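Visitor: What follows is a structure written as structure tokens; I'll ask about it next.
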Amino acid sequence: MDINYTPEELAFRNEVRAFLDEKLPKDIASKVKNSQHLGKEDTIRWQKILNEQGWMALHWPKEYGGTGWSPIQKHIFEEECAEYGAPTVLPFGVNMVAPVIIKFGTEEQKKTYLPSILNSDVWWCQGYSEPGAGSDLAGLKTKAVREGDHYVVNGQKTWTTLGQHADWIFCLVRTDPNAKKQEGISFLLIDMQTPGITVRPLITLDGEHEVNEVFFDDVKVPVENLVGEENKGWTCAKYLLTFERTGIAGVGQSKAALKHLKEVAAKVQQNGKPLIEDPLFRNRLADVEMELMALEMTNLRTVAAAQAGGVPGAESSFLKIMGTELRQEITDLFRRAAGPYAQPFLPETFEADYGGDMVGPDFANTVSAKYFNMRKLSIFGGSNEIQKNIIAKMILGL
Amino acid sequence: MDFKLSDEQRMLEETVGRLVRDGYPFDVREKARTSELGYSTDMWQQFAELGLLGVPFAEDFGGFNGGGPELMVVAEGFGRGLVLEPYLATVVLGGTLINALASDAQKETLISAIIGGELRLALAAYEPQGRYDHTQVATRADKQGDGYVISGQKAVVLHGDSADKLVVIARTSGGDNDRDGLSAFVVDAGAEGVSRRGYPTIDGLHAAEITFDKAAGERLGEEGKAIDALEKTLALGIVALCAEATGAMEVACDQTLAYIKERQQFGVPIGKFQALQHRMVEMRMELEKARSMTILAACSLEAAPALRAKRVAAAKALIGKSGRKVAEEAIQLHGGMGMMEETAVSHYAKRIVMIDHQLGDLGYHMQQLEGLLDVDDDAA
Ligand SMILES: Cc1cc2nc3c(=O)[nH]c(=O)nc-3n(C[C@H](O)[C@H](O)[C@H](O)COP(=O)(O)OP(=O)(O)OC[C@H]3O[C@@H](n4cnc5c(N)ncnc54)[C@H](O)[C@@H]3O)c2cc1C
């Protein structure tokens with residue numbers, strides 16, 4: 001047993017650090033570190049830099065332009081990116097739809113879609129959830145009826161993240177209304193410009209426009225946009241899920257956030273002393289630190305098992321729960337560190353080009369918005385309750 | 001011992017309940033919240049007409065002569081409706097401090113104006129460096145002619161942006177952290193030397209950063225002796241906040257319960273899942289604790305200062321802890337819907353959590369409580 005990185009892994013880490021030192025734009029990293037708004041342009045600029053380096057597609061096979069990295073290398077890369085304040089790569093294209101196309105798509109589809117995903121020329125969104133189908137995804141009702149060389153799609157998707165920017169959406173649709181729930185579903189790629197699609201904003205409790213409703217009214221989709229076989233979409237959906245959960249532990253993000261929290265708590269004064277010396281606050285910091293160590297080791301053990309050939313299965317559910325709870329706890333501590341200054345809500349100060357005065361300490365402006373926004377972590381990507389159901393069933397055999 | 005409300009208290013409860021039910025539906029509140037002022041002056045006038053603005057004041061001025069329990073009843077009702085108007089700032093904080101310190105002549109004008117709905121106040125006590133500690137006061141007041149001039153900075157003054165007058169705590173002697181030497185003043189919000197930066201808060205209210213630069217102030221009560229009255233006022237404010245939180249937590253629990261009964265997934269209402277039933281039970285348990293502690297604090301305002309301080313700190317700390325749990329669970333059990341601005345429960349969650357950031361949070365009050373562990377129930 002040896003919990004240290006090998007010399008090769010350490011050399012790889014140095015390579016990643018050198019790259020981030022040189023290539024990560026300072027203005028973007030500063031926005032990430034200060035929780036300021038990232039624009040679509042920022043994300044695309046960074047993703048194109050990654051692609052130039054050949055580091056955009058962590059999970060693709062090498063022949064399609066993937067890195068071919070081991071799970072430990074991916075872990076190192078993700079952790080360093082978070083530490084440096086690199087924006088998270090938008091998962092919908094590169095980490096969600098692409099692996100499905102690579103596994104189930106035709107040669108034609110691979111040629112059509114993969115290059116523009118690698119180079120971030122096309123922006124994807126995920127059309128799974130519906131008003132009536134959240135945790136019970138297989139209960140989806142959006143239907144696609146085949147008419148000649150087209151499907152005609154009618155229905156509604158909801159909570160579609162960043163759908164307002166998307167060029168394409170990948171959807172689960174019902175193609176056989178008579179089959180059993182999971183068996184009549186297909187996986188369709190739909191151009192957002194197709195007539196009959198309407199996108200409406202949904203505003204979240206922190207005032208952000210992050211999610212949308214997407215309506216389909218007699219939308220004609222060419223049959224060649226079907227991925228895999230008709231009525232076998234659930235297989236694609238399940239396959240995608242294993243990718244959706246990679247990096248789910250968010251160890252890098254929590255580490256970076258905790259580091260920032262400690263810096264902040266060392267600056268904020270309470271009773272003439274830094275807050276970090278307050279026994280109660282310090283105790284909670286220690287608790288988070290302990291949980292983070294446990295999470296990191298659990299994550300590494302899971303990653304190493306995958307390295308050895310095992311596929312991370314239901315174990316990733318543990319990581320999702322632990323990781324999201326920890327990130328949420330850290331946002332709670334940020335809010336406490338801000339004290340009374342957690343209250344002011346000035347969204348204009350979230351913009352990097354805001355030139356005016358802040359209210360209270362600089363870090364305080366975004367803490368409450370972030371605390372409330374991060375409630376989503378335990379809801380999406382399979383809610384934490386659903387993860388517990390998976391563990392109970394798949395691991396405990398209950 | 002009797003937990004029943006008196007006839008008068010019940011009437012008060014019904015008045016507030018009716019007002020909130022009829023006058024405060026979600027869409028009406030949203031309109032007021034997103035307006036420039038952030039609340040409705042019409043609603044404020046209704047408060048005046050219904051006598052609500054006089055609850056803690058003497059009958060001589062047209063008040064109700066109420067104490068902790070009466071304010072608790074009002075604030076709990078307001079919590080159910082997520083009331084936006086500056087009741088806490090004007091009546092509970094600004095008003096009762098004036099009531100405790102002012103001369104009869106001052107009261108005659110100020111208290112009557114509050115009760116009539118013509119005067120909105122804000123309490124400018126806490127300072128940027130002081131966090132939740134009301135004794136850390138660097139703002140100074142110096143004698144000049146008949147009056148005083150005040151200079152200093154006040155932080156996150158609740159409803160300070162729209163107040164007509166400010167009740168300001170300033171130092172007339174002593175060092176920045178001394179308990180002695182604090183005095184209270186009334187300052188015209190529009191007076192020369194007062195600059196305000198108003199802003200919305202994340203729970204839909206408004207507050208302001210206020211700078212005083214030799215602003216003229218009229219003293220309330222004896223010079224340098226405001227601390228006892230201030231602490232009594234803050235204790236009452238905490239009772240009102242605890243009660244407001246309890247009302248808001250009750251609605252968050254009710255809405256969540258209704259939602260899990262109605263929301264269908266996997267062919268059944270999600271409330272059929274035992275995992276969620278237990279979560280709902282825990283939310284209700286937190287609510288019961290919150291209500292109990294609010295009653296305890298509300299009925300302890302006239303107790304010996306140390307005992308009052310202990311119970312009030314315990315109540316506010318518990319609300320901080322229970323409130324967080326209820327707010328987070330209410331969102332979680334609503335799933336994606338709980339994250340939406342258009343879902344009422346998200347607004348309840350925000351207010352409940354932000355109450356922890358007013359008049360001392362969980363950490364601050366736990367620290368107070370730690371210092372009062374030896375105080376027992378028959379402390380004199
Ligand atoms: C910010 C945000 C972004 C999102 N982005 C996307 C996106 O881009 N694309 C997309 O398709 N979807 C997206 N979603 C949707 C997300 O996947 C769903 O919200 C999630 O699946 C939960 O579904 P629901 O909201 O309908 O909640 P429900 O399924 O109604 O669940 C409500 C509550 O009941 C619990 N529950 C449900 N079933 C059970 C059970 N069997 N046992 C115990 N508890 C249970 C849940 O855990 C939850 O607490 C997003 C959601 C959010 C909040």
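Every number here is computed from the coordinates shown, using simple stated rules; none is lab data. Predicted, not measured: the structure shown is a model, and the values here were computed from it. Cβ coordinates were reconstructed from backbone atoms using ideal geometry, including for glycine residues, and neighbour counts include every protein chain displayed.
Visitor: What area, in nm² and to one decimal, does the C-alpha convex hull of the protein assembly as shown cast on average over all directions?
Guide: Result: a mean projected hull area of 36.3 nm².
Visitor: When you have a sec, figure out the Kirkwood radius of the stretch A:249-396 from all distinct Cα pair distances and drop it here in Å to one decimal?
Guide: One over the average 1/r among Cα pairs gives 17.0 Å for the stretch A:249-396.
Visitor: Shielding by partners for A:197-203, please: the mean number of other protein chain Cβ atoms within 10 Å of each residue's Cβ.
Guide: Counting Cβ atoms of other protein chains within 10 Å of each residue's Cβ and averaging gives 1.
Visitor: Residues with beta-carbon under 12 Å from that of B:Arg10, excluding B:Arg10: net charge, scoring Lys, Arg +1 and Asp, Glu -1?
Guide: That works out to -4.
Visitor: Then there is this: Is it possible to state the helix-based mean residue ellipticity at 222 nm for chain A, with each DSSP H run of 4+ residues giving -39500 (n - 2.57), the sum divided by total residues, to the nearest 500 deg cm²/dmol? What is it?
Guide: Calculated mean residue ellipticity at 222 nm is -13500 deg cm²/dmol.
Visitor: Another question about this same structure. I'd like the orientation of helix B:227-262 relative to chain B: the angle between its Cα long axis and the longest Cα principal axis, in ° from 0 to 90, rounded to 10.
Guide: Once rounded, one gets 20 degrees.
Visitor: What are the residues whose amide H is under 5 Å from the amide H of B:Gln265, where those residues sit 5 or more places off or on another chain and H is modelled from the backbone?
Guide: B:Ile270
Visitor: In terms of the Cα gyration tensor, with a ≥ b ≥ c the square roots of its eigenvalues, is the stretch A:124-225 rounded because a/c is under 1.5, prolate because a/b exceeds b/c, or oblate?
Guide: oblate
Visitor: Ok, one more. Scan the stretch B:182-227 for GluC sites (Glu not before Pro) in coil per DSSP, keeping those whose Cβ has at most 12 other Cβ atoms within 10 Å, and list them by number.
Guide: Counting only loop positions with at most 12 other Cβ atoms within 10 Å, the GluC sites (Glu not before Pro) in the stretch B:182-227 are B:Glu192, B:Glu222.
Visitor: I'd like the distance between the alpha-carbon centres of the stretch B:313-365 and the stretch B:82-161, rounded to an integer number of Å.
Guide: Between the Cα centres of the stretch B:313-365 and the stretch B:82-161 lies a distance of 27 Å.
Visitor: Calculate the length of the line joining the C-alpha centroid of the stretch A:67-125 to that of the stretch B:214-230, in whole Å.
Guide: Result: 65 Å between the Cα centres.
Visitor: Can you give the helix-only mean residue ellipticity at 222 nm for chain B, where every DSSP H stretch with n ≥ 4 adds -39500 (n - 2.57) and the sum goes over all residues, rounded to the nearest 500 deg cm²/dmol?
Guide: Theoretical 222 nm ellipticity from helices: -15500 deg cm²/dmol.
Visitor: Does anyone have the angle between helix B:344-355 and the longest principal axis of chain B? Alpha-carbon axes, 0 to 90°, nearest 10?
Guide: For helix B:344-355, the angle is close to 40 degrees.
Visitor: What FRET efficiency comes out for B:Asp374 versus A:Asp21 if R0 is 51 angstrom and r is the Cβ-Cβ distance? Round to the nearest 0.05.
Guide: 0.35
Visitor: Considering only C-alpha atoms, what is the centroid distance from the stretch A:195-225 to the stretch B:39-74, in Å?
Guide: Each part's Cα centre sits 49 Å from the other's.
Visitor: Among bridges DSSP assigns within chain B, what percent are antiparallel (round to 5)?
Guide: Rounded to the nearest five, the antiparallel share is 85 percent.
Visitor: Give, as a single signed number, the net charge of other residues whose beta carbon lies under 13 Å from the beta carbon of A:Gly134, with Lys and Arg counted +1 and Asp and Glu -1.
Guide: Neighbourhood net charge equals +1.
Visitor: What FRET efficiency do you get for A:Lys141 and A:Asn231 if R0 is 22 Å and r is their Cβ-Cβ distance, rounded to the nearest 0.05?
Guide: Taking R0 as 22 Å, the efficiency between A:Lys141 and A:Asn231 is 0.90.
Visitor: I need the shape label for the stretch B:121-224. Rule: rounded when a/c is under 1.5, else prolate if a/b > b/c, else oblate, with a, b, c from the alpha carbon gyration tensor.
Guide: oblate
Visitor: Separate question: Which distance in nm do the two modelled labels at B:Lys225 and B:Asp60 give, with both placed 7 Å along the Cα-to-Cβ direction?
Guide: Modelled inter-label distance: 1.8 nm.
Visitor: Now, a different point. Once both axes come from the Cα atoms, what is the angle between helix B:7-23 and the longest principal axis of chain B, in degrees from 0 to 90, rounded to 10?
Guide: Rounded to the nearest ten degrees, it is 70.
Visitor: For a protection proxy built on the mean count of beta-carbon atoms within 10 angstrom, sort B:162-169, B:149-156 highest first, please.
Guide: Ranked by mean Cβ neighbours within 10 Å, highest first: B:162-169, B:149-156.
Visitor: What is the pair-distance distribution P(r) of the stretch A:160-288, computed from all Cα-Cα distances in 5 Å bins starting at 0, with each bin given as a whole percent?
Guide: 2, 8, 12, 11, 13, 12, 9, 7, 6, 7, 6, 4, 2, 0, 0
Visitor: Right, something else. Under the Karplus relation 6.51 cos²θ - 1.76 cosθ + 1.60, θ = phi - 60°, what is the ordered set of whole-Hz ³J(HN,Hα) values for the stretch A:256-269, x standing for Gly and Pro?
Guide: Per residue, the Karplus-derived 3J(HN,Hα) values read 4, 5, 5, 4, 4, 4, 5, 4, 5, 5, 7, 8, 4, 9 Hz.
Visitor: Mean separation of Cα pairs under 8 Å and 6+ residues apart, divided by the residue count of the stretch B:7-115: what relative contact order is that in percent?
Guide: Reported as a whole number, the value is 31 percent.
Visitor: Out of the stretch A:129-236, which trypsin sites (Lys or Arg not before Pro) are coil in DSSP terms and have no more than 15 other C-beta atoms within 10 Å?
Guide: Of the trypsin sites (Lys or Arg not before Pro), the ones in loops of the stretch A:129-236 whose Cβ has at most 15 other Cβ atoms within 10 Å are A:Lys141, A:Lys180.
Visitor: Same structure again: So how far apart, in nm, are the two label points at B:Gln45 and B:Asp142 if each is 7 Å from Cα heading toward Cβ?
Guide: My value for the distance between the label points is 4.5 nm.
Visitor: On full extension of the chain, what length is gained from A:Glu183 through A:Tyr5, given 0.36 nm per residue of separation minus the C-alpha to C-alpha distance?
Guide: Once the chain is fully extended between A:Glu183 and A:Tyr5, it gains 59.6 nm.
Visitor: Please report, to one decimal in angstroms, the Kirkwood hydrodynamic radius of the stretch B:247-356 built from all distinct Cα-Cα pairs.
Guide: 14.7 Å
Visitor: Whole-Hz Karplus ³J(HN,Hα) for the stretch B:201-207, in order, using 6.51 cos²θ - 1.76 cosθ + 1.60 and θ = phi - 60°, x for Gly and Pro?
Guide: Each residue of the stretch B:201-207 in turn: 9, 5, 8, x, 9, 10, 8 Hz.
Visitor: Test of the criteria: in the stretch B:9-116, which GluC sites (Glu not before Pro) are in a DSSP loop and have at most 11 other Cβ atoms within 10 angstrom of their Cβ?
Guide: B:Glu36
Visitor: If you don't mind, there's one more thing I want to ask. What residues of the stretch A:252-266 lie in the reach of a label at A:Asp362, counting those whose backbone N is under 17 Å from a point 7 Å from the Cα along Cα→Cβ?
Guide: Flagged as within label range: A:257, A:259-266.
Visitor: For the protein assembly as shown, give the share of DSSP beta bridges that are antiparallel, in percent and rounded to the nearest 5; count only bridges with both residues there.
Guide: Counting only bridges with both partners in the protein assembly as shown, antiparallel ones make up about 85 percent.
Visitor: Also, quick follow-up: When a footprinting reagent is the concern and you count Cβ atoms within 10 Å, what order do A:Leu24, B:Leu230 take, fewest first?
Guide: Ranked by crowding around the Cβ, least crowded first: A:Leu24, B:Leu230.
Visitor: Sum up the charges of everything whose Cβ sits under 15 Å from the Cβ of A:Gly196, counting Lys and Arg as +1 and Asp and Glu as -1, but leave A:Gly196 out.
Guide: Here the charged neighbours net out to -1.
Visitor: Taking the Cα-to-Cβ direction at B:Asp22 and at A:Met293 and moving 7 Å from each Cα, how far apart do the two end points lie in nm?
Guide: In this crude label model, B:Asp22 to A:Met293 measures out at 6.3 nm.
Visitor: Take the Cα atoms of chain A, find their three principal axes, and give me the spread along each one in whole Å, biggest first.
Guide: Result, largest extent first: 75, 50, 48 Å.
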